[in-house]
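Following: one structure in structure tokens, then a few remarks.
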Amino acid sequence: MPDSADPISEVILSAAQIQHRVAALGAEIAADYAALDPMLVGVLRGVVIFMADLMRAIPIPFTVDFLAISSYGAQTRPGQVRLLKDLESSIEGRHVLFVEDMVDTGLTLHTLLRMLRERQPASLHVCTLFDKPRLRLVKLPLRYVGFELPDRYVVGYGLDYRQRYRHLPYVGALAAHLLLPGAADDQAP
Ligand code: 5GP
């Protein structure tokens, strides 16, 4: 547990809570996609910890691929993304499950789903571990949601602050004095 010297002011979700929920999500996905040979698609880098655990919780055949993006700065339209690394496999005719670590405004996801839809997958659904529905700016169908979170900046379990804290096995709120105004905006996911 964090003490006053820690950069984490409060544990929001323990490692055990996360593991339990990820196992349940995996079982649900396995049941829904049993005969569909799905492709899991994730966006680097925030999703890697969740993806690694989720994959091991899905006991059916599937493939996985990743893309990498960078969000443009605050001067440009929100949700505008630059593709740093594309998928290596074709998704045409595949049942794609887009795996996200966090959805808040939904603008990034909205842009990525539009891009993937143009490639004509057989189906396209979303699994996000964390959802901040109060911050949503675009309507998005989220088929699987791990946890709803309050509007607080959190780190751990893949989520970073300035590329730190991704390794924490739990999710915690960053101590307020470490959060510089606007500093979280110029991050790659
Ligand atoms: P949006 O849905 O606003 O387009 O962007 C979602 C992205 O913002 C996530 O993939 C994540 O990179 C980042 N994000 C949103 N909330 C948090 C948070 O509480 N902590 C961290 N580390 N990243 C966040």
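A few notes on this one:
- Tensor-based shape of the stretch 21-64 (alpha-carbon gyration tensor, a/c under 1.5 rounded, otherwise prolate or oblate): oblate
- Shape of the stretch 33-114, Cα gyration tensor, a/c cut at 1.5: prolate
- Surface share of carbon and sulfur [accessible, 1.4 angstrom probe, percent] for the stretch 3-142: 54
- Taking 0.36 nm per residue of separation and subtracting the current Cα-Cα distance, fully stretching the chain between His167 and Ala122 would add 12.7 nm.
- 3J(HN,Hα) along the stretch 83-88: 7, 8, 8, 8, 5, 8 Hz, from the Karplus curve 6.51 cos²θ - 1.76 cosθ + 1.60 with θ = phi - 60°, whole Hz, x for Gly and Pro.
- Karplus-based coupling profile of the stretch 130-139, in residue order and whole Hz: 10, 9, 10, x, 5, 9, 5, 10, 10, 6, with θ = phi - 60° in 6.51 cos²θ - 1.76 cosθ + 1.60 and x standing for Gly or Pro.
- Point-to-point label distance, Arg134-Ala16, nm (Cα→Cβ direction, 7 Å offset): 2.8
- The gain in end-to-end length when the Glu92 to Ala31 segment is fully stretched comes to 19.7 nm, 0.36 nm per residue minus the alpha carbon separation.
- Counting only DSSP beta bridges with both residues in the chain, the antiparallel share comes to about 35 percent.
- Normalised by the number of residues in the chain, the average gap of Cα pairs under 8 Å and 6 or more apart makes the relative contact order 25 percent.
- For the chain, the alpha carbon convex hull comes to 109 Å³ per residue, rounded to a whole number.
- Positive-end extreme of charge dipole, the chain - chosen from His177, Ala68, Gly158 (charges on Cβ): Ala68
- Only Lys, Arg, Asp and Glu carry charge here, each on its Cβ (+1 for the first two, -1 for the last two); on that basis the chain has a dipole of about 380 debye about its Cα centre.
- Among 6-15, 97-106, the order from most to least packed when residues are scored by Cβ within 10 Å on average: 97-106, 6-15
- Helix-only CD estimate at 222 nm, as mean residue ellipticity for the chain, using -39500 (n - 2.57) per DSSP H run (n ≥ 4): -6500 deg cm²/dmol
The values are calculated or read from the model by the stated rules, or taken from the named source; none is laboratory data. These numbers come from a predicted model, not from an experiment. Ideal geometry is used to build each Cβ from the backbone, glycine not excepted, and the neighbour counts take in all protein chains shown. With ligands, DNA and RNA removed, areas are computed over all heavy atoms of the protein, side chains included. Shrake-Rupley method; radii C 1.70, N 1.55, O 1.52, S 1.80 Å.
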